[in-house]
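The values are calculated or read from the model by the stated rules, or taken from the named source; none is laboratory data. Given the structure is predicted, the values throughout are model-derived calculations rather than measurements. FYI the Cβ positions are ideal-geometry reconstructions off the backbone, even for glycines, and counts take in every protein chain you see.
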Amino acid sequence: MRDSPPQTIYLKDYTPPAWLVEDVHLTFRLAAKTTRVISRIRFAPNPDRVDQTFFLHGEDLVLISSHIDGVAVTPTITEEGLSCDVPDGPFTWEAEVEISPATNTALEGLYMSSGMYCTQCEAEGFRKITYYPDRPDVMAPFTVRIESDLPVMLSNGNPVAEGEGWAEWHDPWKKPSYLFALVAGDLVNHPDRFTTMSGRDVELNIWVRPGDLHKCAFGMEALKKSMKWDEDVYGREYDLDIFNIVAVDDFNMGAMENKGLNIFNSSAVLASPETSTDANFERIEAIIAHEYFHNWTGNRITCRDWFQLCLKEGLTVYRDSQFTSDMRSAPVKRISDVIDLRARQFPEDQGPLSHPVRPERFQEINNFYTATVYEKGAEVIGMLKRLVGDEAYAKALDLYFERHDGDAATIEDWLRVFEDATGRDLTQFKRWYSQSGTPRLKVTEDWAAADDASRPPSRDLADNPEAPDQVRGGGTPSGTYTLTFEQHTPEGSGQTEKEPQVLPIAVGLLGPNGDEVLATTLLEMTQAKQSFEFTGLSARPIPSILREFSAPVVLERETSADKRAFLLAHDTDPFNRWEAGRQLARDGLIAMIRNGSPADDRWLEGMSRVVRDDTADPAFRALMLSLPAESELAQALHEQGTTPDPDAIWQARETVAQQLAETLQDALPRLQAEMTVEGAYSPDAGPAGRRALAGKLLGLTTRLDGGAQAARQYTHADNMTLQLTALACLIRSGRGEDALAAFYNRWKDDRLVIDKWFMLQIAEADPARAADVAKTLTEHPDFDLKNPNRFRATMGALAMNHAGFHRADGDGYALLADWLIRLDALNPQTTARMCSVFQAWRRYDADRQALMRQNLERIAAKSDLSRDTAEMVGRILG
Ligand code: 0A1
Ligand code: ZN
């Protein structure tokens, strides 16, 4: 643990490295507690340097020896690295260090997982392997020799030589140290091949522990699809002779894009119909694509410094979402992404952890792998594409790859490419990268009928000194409809004055009979307040605003439930159809929570229609039937000035779900029969969508039959999707005990399935019992604090059970805090990430606030608290 106080690092302080690396040679002599790492690094002065300091990062290393040009040197060592007097010109640095992978529970650097050696170097893990300028703007070709008695030894690039007890790999592509990887173990592979668009033959492998070989086929197909898609859509070809993926059981994140050697959390690559759900398959396909796409957006073009993280992450998330839209259903993907954005990014951006897409300061960079950098970063790219158009986007991306291949680039470089390719000035657009917070977009309407067209401008227009933008030329008849938007971003993350941002607002207009009178049109809002006029209309239209969720804003619109129901019935934009239903549901639930209003009939009628509409994709219908999450309702209540009561929110959702079940009662058996999927299991979007809808319907049926049908489904299920859906229903109906015991016995040797077993019983528990169930499970022999998946399956599930976590006696908070305190000593990164479940603490009543504060302070007071957790708790407490 460090003694010095944590330092804050600022974007504005960036200076280029004094020394560049021309070439790296590493030898690893692997031993569980005494691995030796021998480095030979060729340094040369950076012509752009502003100082001459020679500093190498290094943490938790035992330096055995060090030489410069063959002469032994004695560097000055601190807890962060070493410095040393060096020659004026190029020189060779050699060092030998000792590290202990077996005791590395932080899972950063070189560590062991299920007997296998593996690495995780992003963001700053390489400094735990050897002394090195561990910053992304220092790029070099690496040669790696691994010595061990293990059968499989892998590193980046291509294999160049091997012998008894050793293997050597060479990566010809310059890369920063965060993309370094090494794996060694008793592994087996699922092999395949891919021929690139220029005809090069590439060897592909997924490496796993021997018992997991039957879970690789789907991941391999996803990899080949990703490789082909990147060629077809972005013209990007793979650039080594071999591409390896390795599945690792203990991993802090989903996966890592190390050059030529992607390392995956086993949950993000291993799948089989018996053990994985449809959602697992879809997630795996997306993560494999994401990591593969990083080869160009991240590896060939990397980030100059960690403040530019969104340069690779925003773009790569955007690319993987395009891929999923192409492989599956684009509207379903868009709706799912927006649900996720609102659940994870909006609370972050509207609370104490708010930060710009490109942060300007940090203490621990690991704390900035956030929904804002990733998902809002991707939204920003989606807006840019929408503003410049598809063709210009393609041209700009070609220019980006041409101009910056081999670079460590910045957001300025990225935007300049778009400016040069399109001639646009993106100065204002750049605010999306520098201003934090979710913009709020208020909209008002005005209608002047044809015979009324000469009347003076409406009040809204009179307020606006700018002439309204004309969207559509007049014809006859010529009623004029005006939409006036006002944008405002609340202060946050130290930023008080927020300037107007460029908002692409996709709008369509519907006539009173439901026909579309204006197809989707893009309005480009640049001012704080701006009006757009639509002429040539025979009747007052009903607007469909922010189609496809064209900008990540909160739309504030006073509108009637009738208009929402109208859009739910008629909107041609699937996203806005879903949104109309969602808003009806949300408004109804809020009215019920605030003043006991009954469920909204218009929503119930709308759902009846949607669920029966067999022209609509079942996956879309399943999304339609989902109620807003409890946390979303808590946020909405808070925004409307009501302190959320978690028990009342839970109760209202239960009441509404019950009414929905009763409303659909007669249709349920037929619909369920229609959604039955015959034949062999396939994870494709079609059958998965039918199972998703069938799962929703089973949830409703369970409310009526007490779980009889779920019990039958559980017994006969031949795939994990059906089995788990049934188990969830049984738990919710209070009949889960036998099935849970049977499930455990059947799957006790499969870690990933047992994660589901842990998670489901807590997430689906009655809120009054969730904390107790979680506590009991922490005493189960299979609860393993050192395994991040198991920890998240337990403590993450507790946080997901909103009313359970927020139980008034504070037991949920205390249990989580107890375990975070224990975990921090072992794994700071996962601890710090999980602290964010407390981020919305100020939303709740005074008693709950006090309890959450007490627990946060208890974490903060722990001696030797990690820099990761200290920073997170400090920011949350404010
Ligand atoms: N770059 C990876 C995710 C990743 C990020 C950080 C990590 O450790 C701090 C590990 C993995 C991705 O975007 O997939
Ligand atoms: Zn990524």
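Overview of results
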item	result
Residue match in the range 394-406 (condition: closer than 18 Å to T526 by Cβ and surrounded by 17 or more Cβ atoms within 10 Å (Cβ to Cβ))	no
Conditions (1) surrounded by 23 or more Cβ atoms within 10 Å (Cβ to Cβ); (2) under 19 Å from R334 (Cα atoms): number failed by Q583	(1)
Single unsatisfied condition, L426 versus (1) in contact with an Asp or Glu (Cβ under 6 Å, 6 or more places away or on another chain); (2) under 18 Å from C303 (Cα atoms); (3) surrounded by fewer than 22 Cβ atoms within 10 Å (Cβ to Cβ)	(2)
Members of the range 545-578 found to be hydroxyl-bearing (S, T, Y) and either surrounded by 24 or more Cβ atoms within 10 Å (Cβ to Cβ) or in a strand (DSSP E or B) (or both), listed by number	none
Pair list, Cβ < 8 Å and 6+ apart or interchain, from the range 306-320 residues that are outside the structural domain of S336 (by TED's automatic domain parsing) to residues that are within 11 Å of ligand 2 (Cβ to nearest atom) and of a type in the set (S, T, Y)	none
Lone qualifier among L856, L798 - being closer than 26 Å to N745 by Cβ, at pLDDT 95 or above and crowded, with 21+ Cβ neighbours inside 10 Å	L798
Answer from L671, L589, L623 - the residue that is over 30 Å from E221 (Cβ atoms) and either under 32 Å from the mean Cα position of the chain (by Cα) or part of a loop (DSSP other than H, G, I, E, B) (or both)	L589
Matching option when the condition is in a helix (DSSP H, G or I), within 28 Å of the chain's Cα centre (by Cα) and not small (G, A, S), among L777, L785	L777
Residue within the range 117-126 that is away from ligand 1 (no atom under 13 Å from the Cβ) and out of contact with any helix residue (DSSP H, G or I) (no Cβ under 7 Å at 6 or more places or on another chain) present	no
Residue check for I68: buried (at least 19 other Cβ atoms within 10 Å of the Cβ) and out of contact with any Phe, Trp or Tyr (no Cβ under 9 Å at 6 or more places or on another chain)	no
Residues located in the range 347-357, provided they are out of contact with any strand residue (DSSP E or B) (no Cβ under 9 Å at 6 or more places or on another chain) and either of a type in the set (G, A, S) or within 16 Å of ligand 1 (Cβ to nearest atom) (or both)	V357
Residues of the range 801-813 classified as out of contact with any Phe, Trp or Tyr (no Cβ under 8 Å at 6 or more places or on another chain), outside any loop (DSSP other than H, G, I, E, B) and crowded, with 21+ Cβ neighbours inside 10 Å, total	1
Within the range 814-878, helices (runs of 4 or more DSSP H) holding 3 or more residues that are in contact with a helix residue (DSSP H, G or I) (Cβ under 8 Å, 6 or more places away or on another chain), in contact (Cβ under 8 Å) with a residue 40 or more places away in the chain and closer than 24 Å to F362 by Cβ	828-835, 867-877
Yes/no for L309 being within 16 Å of ligand 1 (Cβ to nearest atom), outside any loop (DSSP other than H, G, I, E, B), of a type in the set (A, V, I, L, M) and more than 14 Å from Y400 (Cβ to Cβ)	yes
Residue, nearest to F218 (Cα to Cα), within the range 268-301, restricted to residues that are among the polar types (S, T, N, Q) and within 12 Å of ligand 2 (Cβ to nearest atom)	N295
Given (1) under 19 Å from the mean Cα position of the chain (by Cα); (2) more than 11 Å from ligand 1 (Cβ to nearest atom); (3) surrounded by fewer than 23 Cβ atoms within 10 Å (Cβ to Cβ), index of the condition V269 fails	(3)
Residues (within 20 Å of F838 (Cβ to Cβ) and of a type in the set (F, W, Y)) located in the range 335-374	F346, F362, F368, Y369
Residues (of a type in the set (S, T, N, Q) and over 13 Å from S39 (Cα atoms)) located in the range 134-149	S148
Filter result for G581 (outside any loop (DSSP other than H, G, I, E, B), touching a Phe, Trp or Tyr at 6+ places or on another chain (Cβ under 9 Å) and more than 21 Å from S336 (Cα to Cα))	no
Pairs, first touching a residue at least 40 places away in the same chain (Cβ under 8 Å) and basic (K, R) in the range 251-263, second outside any loop (DSSP other than H, G, I, E, B) and more than 9 Å from ligand 1 (Cβ to nearest atom), C-beta under 8 Å, six or more apart	K259/D171; K259/W173; K259/K175; K259/L179
Lone qualifier among R769, R712, R746, R751 - being among the basic types (K, R), outside the structural domain of N280 (by TED's automatic domain parsing) and surrounded by 18 or more Cβ atoms within 10 Å (Cβ to Cβ)	R751
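Residue by residue, here is whether (1) more than 11 Å from ligand 2 (Cβ to nearest atom); (2) more than 18 Å from P618 (Cα to Cα); (3) in contact with a Gly (Cβ under 7 Å, 6 or more places away or on another chain) holds:
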position: C310; (1), (2), (3): no, yes, yes
position: D320; (1), (2), (3): no, yes, no
position: T324; (1), (2), (3): yes, no, no
position: R342; (1), (2), (3): yes, yes, no
position: Q345; (1), (2), (3): yes, yes, no
